[in-house]
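Undergrad: First the structure, then my questions, so here it is.
The values are calculated or read from the model by the stated rules, or taken from the named source; none is laboratory data. Since this is a predicted model, take the numbers as computed values, not measurements. All Cβ positions, glycine included, derive from the backbone under ideal geometry; neighbour counts span all protein chains shown. We work out accessible area using only protein heavy atoms, side chains counted, and drop any ligands, DNA or RNA first. Shrake-Rupley method; radii C 1.70, N 1.55, O 1.52, S 1.80 Å.
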Amino acid sequence: WGLGAGLLRFISVIRMPTACFVSGCVSRGAPTGPRLRRYIQFLVIPTLLWVFLVKPFVMELMMDPSVALLQTKLGELVRLELFHPEWYLQALCMWRGSAFLVWCHLRPSASLAGMLFLSCVGGYVEFQGPIGNLKLAETLGFLPYFAAGYTFPQGWLHAFSSKRSPMKVTAALLFVVAWIELIIPMLAQGALPDAHGSYTCCAAGEVFARARAHDVNHALYWTRRLSKFGLEMVPTLVMIVFVTPPGEMWGLSWIGPHTIYPFVFHEVANHWRDQLVQAVGPPVITSIAGHVLVLLLHAVWAVAVLALLSTSAFRQSF
């Protein structure tokens with residue numbers, strides 16, 4: 001349906017760029033002893049546990065608590081075959097590790113140029129087989145958004161956050177909608193490379209495949225990745241700088257430090273929601289008012305899942 005498709009398109013443009021930008025912002029700073037310990041203790045080790053045990057074993061059993069699946073998973077555990085990638089966590093480990101090893105020792109402009117170069121060149125490489133499980137394609141694909149957050153002047157965020165007003169927030173929202181709905185389709189000129197893979201993947205893969213290996217279009221295809229990065233960062237920055245509340249949000253800010261739990265476990269909640277919907281058999285809705293109500297219920301559901309999976313009772317289970 002039109003409204004739902006438009007909302008999903010709007011969210012998809014700014015969702016992952018925002019997450020990667022924020023990850024870059026919080027990765028700044030020198031690699032001190034305490035920071036390195038926190039990096040290993042609270043990011044690397046949990047990521048390894050998640051991809052090698054919790055996601056392929058615990059989470060799948062949470063969605064299908066059957067004896068047959070338990071026996072299958074125990075067999076895979078004994079044979080050391082349990083593995084289920086989580087590209088964002090794996091990418092975050094590599095992004096932050098590279099920041100400690102390389103980028104923190106360079107000027108921000110040099111760091112930005114270096115990360116953009118790696119991303120553009122990396123798009124030509126097909127990571128297949130075991131090395132593909134490292135999710136290097138996604139790591140390099142979304143690296144520019146991390147680089148933007150890592151090198152963005154922190155003082156600018158504070159300077160603009162103190163100048164917000166209802167009129168400016170409204171104007172910013174209208175600008176973002178116009179940019180996503182009008183400017184991006186006009187400037188993109190067809191599908192742009194998806195950051196979830198190399199240049200051969202997804203909707204834009206056919207465009208890259210038509211470019212011959214020694215053709216100028218092939219040699220300059222990396223500019224399309226930069227174009228996508230620029231087109232998506234404009235509305236992302238406007239949302240972060242002018243729309244996002246600068247202080248705490250009543251009733252929601254406590255969730256912030258624990259959002260990793262909703263991020264990794266939301267599939268379980270959505271799975272059982274879908275099972276419930278299928279069992280109940282809701283009526284078919286055809287009116288615009290009904291569609292709007294369904295979209296609002298999705299927003300309520302999203303906030304409820306965020307809150308539930310961030311509670312101390314749930315977190316202490318893991």
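Undergrad: Summing +1 for each Lys or Arg and -1 for each Asp or Glu, what net charge is found among the other residues whose Cβ lies under 15 Å from the Cβ of Arg38?
TA: +4
Undergrad: Now, a different point. Just checking the chain: which Cys have no other cysteine's beta-carbon under 4.7 Å?
TA: By the Cβ distance rule, which asks for a partner under 4.7 Å, the isolated cysteines are Cys20, Cys25, Cys93, Cys104, Cys120.
Undergrad: Hey, got the Cα dimensions of segment 219-265 along the principal axes, in Å, largest first?
TA: Between the extreme Cα coordinates on each principal axis of segment 219-265 lie 50, 29, 10 Å.
Undergrad: Quick one: order Cys104, Cys93 from most to least accessible surface, probe 1.4 Å.
TA: Cys104, Cys93
Undergrad: Along the charge dipole of the chain, Cβ charges K/R +1 and D/E -1, which of Val264, Leu309, Gly114 sits furthest on the positive end?
TA: The residue sitting most towards the positive pole is Gly114.
Undergrad: Binning at 10 angstrom from zero up to the longest distance, how are the C-alpha pair distances of segment 68-212 distributed in percent?
TA: Pairs per bin, as whole percents: 10, 24, 29, 24, 10, 3, 0.
Undergrad: Within the chain, what's the longest stretch lacking trypsin sites (Lys or Arg not before Pro) that sit in DSSP loops with no more than 12 other Cβ atoms inside 10 Å?
TA: 213-318
Undergrad: On to the next question. So which DSSP H runs in the chain come out at 24 Å plus along the axis (Cα) with average Kyte-Doolittle of at least 1.0?
TA: 2-25, 288-310
Undergrad: Report the residue, chosen from Phe265, Phe127, Phe42, that carries the largest GNM mean-square fluctuation when the chain is represented by alpha-carbon nodes joined by springs under 10 Å.
TA: With Cα springs under 10 Å in the chain, the top fluctuation among Phe265, Phe127, Phe42 is at Phe42.
Undergrad: In addition: In angstroms, what radius of gyration and Dmax does segment 92-172 have, counting Cα atoms only?
TA: Over segment 92-172's Cα set, Rg and Dmax evaluate to 16.6, 52 Å.
Undergrad: Here's another thing I want to ask about it. Determine, at each q value in 0.09, 0.13 (inverse angstroms), the log₁₀ of I(q)/I(0) that the Debye formula gives when each Cα of the chain is one equal point scatterer.
TA: Log-scaled intensity ratios, in q order: -0.57, -1.24.
Undergrad: Separate question: With +1 assigned to the C-beta of every Lys and Arg and -1 to the C-beta of every Asp and Glu, and no other charges, what is the dipole magnitude of segment 116-234 about the Cα centre in debye, to the nearest 20?
TA: 360 debye
Undergrad: Please give the per residue accessible area of segment 1-131, computed with a probe of 1.4 Å over protein heavy atoms only, in Å².
TA: Per residue, segment 1-131 has an accessible area of 55 Å².
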